[in-house]
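Working notes, beginning with the structure itself.
The values are calculated or read from the model by the stated rules, or taken from the named source; none is laboratory data. This one's a predicted model, so the numbers in the text were calculated from it and none came from an experiment. In this analysis, Cβ positions are derived from the backbone assuming ideal geometry, glycine residues included, and neighbour counts consider all displayed protein chains. Note: accessible area is taken over every heavy atom of the protein model, side chains too, but ligands, DNA and RNA are not part of it. Shrake-Rupley method; radii C 1.70, N 1.55, O 1.52, S 1.80 Å.
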Amino acid sequence: MGIPIHNKSDFEKMRVIGRYTYQLLNELENIIKPGISTFDIELKAISFIEKYNLKSACLGYKGFGNIPFPANICTSVNHVICHGIPDKEHVLMEGDIVGVDVTIIKDGYFGDSCRTFAVGKISEKAKNLIETTKKAMDVGIQQAYHGNFLGNIGYEIQHFINSSPIKYSIVEDYCGHGIGTKFHQEPQIEHVGQKNSGIKMQQGMFFTVEPMINLGSKKTKLLKDNWTVITKDYSLSAQFEHTIAIGENGVEIFTKD
Ligand code: MF3
Ligand code: CO
Ligand code: CO
C-alpha cells in the first residue's frame, strides 16, 4: 500500500517500456487516414506487440468492473472520451478525431500513453481541441517535480483550460494514476485541483498525466458494453497521456523520444 518509491533499476526498466510505447504510437499514427477501421489500428498494434515480445495491459483487463477489456488498445473516436473498443465496422472518416491509448508491458513494467490524431482534414474547432488538450497535459507535467504539491498538476491544468477564450471542460470522472509494476495504483492524479493541495511529490514516484478535454459539458456516460465512455452531450473529446517520473533533476517523461 501507499505510493511506491522506485529505484535506479526501476527507472531503467521504465525507460525501455517507455520507448516501446512511444514507438508504438508513432507506428499507429502512420496508418491513420480516412477509410481505415479502428480495428486496423488494433491489428497494427498486435503486430508491434508480437514483434517486440511485449504484452498488452489492456487485453482482458478488469480494472473498472467485471467485464474484461476485449482488445489490445483503446480507440476513442469523436465524442468517445476514453476506453473505446476497436471495431471492424467502425471506419474512420475524413474530419474524425481518434484518441489512441496504449498500455504495454515488458519485464513486468508498464508504459501508458495516449495521443489524439486527426483523420484527414479536420475542422478548426477540432484542431484547437487537440492542441489545447496536448498543451493541458504539458502544463500539468511541468508541475511534476520533487517537493511540489501533487494538486498543482490539476490546478495548473484547470487554470490553463479556464483561461482559454474557447469554452472547454475537463473530465473529472477519470484520472491519471500511479504506474510502474502495476497498471493502476496510487497516487490518483486529478486534472482539476486546488493550489498547493494534496501530498508532496517525491523523487522515485511514477505516474501518468492524462487529461481528457471536452468541447461541451464534462459529464460522462458509460455505454452498455461497460467500457466505452462518451460525453453525455455528444460533444467532441480529446486526450493525451504520458507516463512520467519524479526524477533527480525534475520530471522524466518515459513515453517520448
Ligand atoms: N490506458 C488507460 C489509462 O490510461 C486504461 C485503459 S484500460 C482498458 O489508464 F482496459 F480499457 F484498456
Ligand atoms: Co493511464
Ligand atoms: Co492510457
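Using the Karplus curve 6.51 cos²θ - 1.76 cosθ + 1.60 with θ = phi - 60°, what ³J(HN,Hα) values do you get for each residue of region 241-246, in whole Hz, with x for Gly and Pro?
Running phi through 6.51 cos²θ - 1.76 cosθ + 1.60 with θ = phi - 60° gives 8, 10, 9, 10, 10, 7 Hz.
Averaged per residue, what accessible surface does the chain expose to a 1.4 Å probe, in Å²?
Value returned for the chain: 46 Å² of accessible area per residue.
When you count, for each residue, the other Cβ atoms within 10 Å and take the mean per peptide, how do 194-202, 248-256, 230-238 rank with the highest first?
By packing density, highest mean first, the sequence is 230-238, 248-256, 194-202.
Which listed residue (46, 136, 170) has the Cα farthest towards the positive end of the charge dipole for the chain, taking +1 on Lys and Arg C-beta and -1 on Asp and Glu C-beta about the Cα centre?
Of the options given, the answer is 170.
On a straight-distance basis, which lysines could pair with residue 221 in a cross-link, Cα separation under 26 angstrom, same-chain partners fewer than 8 positions away excluded?
Leaving aside lysines fewer than 8 places away in the same chain, those within reach of residue 221 are 62, 88, 125, 127, 134, 135, 167, 232.
Okay, helix-only estimate at 222 nm for the chain: each DSSP H run of n ≥ 4 adds -39500 (n - 2.57), divide by all residues, round to 500 deg cm²/dmol; what do you get?
-9000 deg cm²/dmol
Work out, step by step, the length gained on full extension between residue 163 and residue 181: first 0.36 nm times the residue separation, then minus their alpha carbon distance; give nm to one decimal.
So the extension gain works out to 2.8 nm.
Could you give me the radius of gyration and the Dmax of region 8-253, taking only the C-alpha atoms into account and expressing both in angstrom?
When restricted to Cα atoms, region 8-253 yields Rg and Dmax of 17.0, 48 Å.
Quote to one decimal, in nm, the extra length available between residue 16 and residue 123 on full extension: 0.36 nm per residue of separation minus the C-alpha distance between them.
Residue separation times 0.36 nm, minus the Cα-Cα distance, leaves 34.9 nm.
In debye, nearest 20: dipole of region 8-253 around its Cα centre with unit charges on the Cβ of K, R (+) and D, E (-)?
160 debye
Explain nothing, just the number: dipole magnitude of region 27-134 about its Cα centre with +1 on each Lys and Arg Cβ and -1 on each Asp and Glu Cβ, in debye rounded to the nearest 20.
For region 27-134, the charge dipole is close to 120 debye.
For the chain, which whole percent of the accessible surface, found with a 1.4 angstrom probe, sits on carbon and sulfur atoms?
The value for the chain is 50 percent carbon and sulfur by accessible area.
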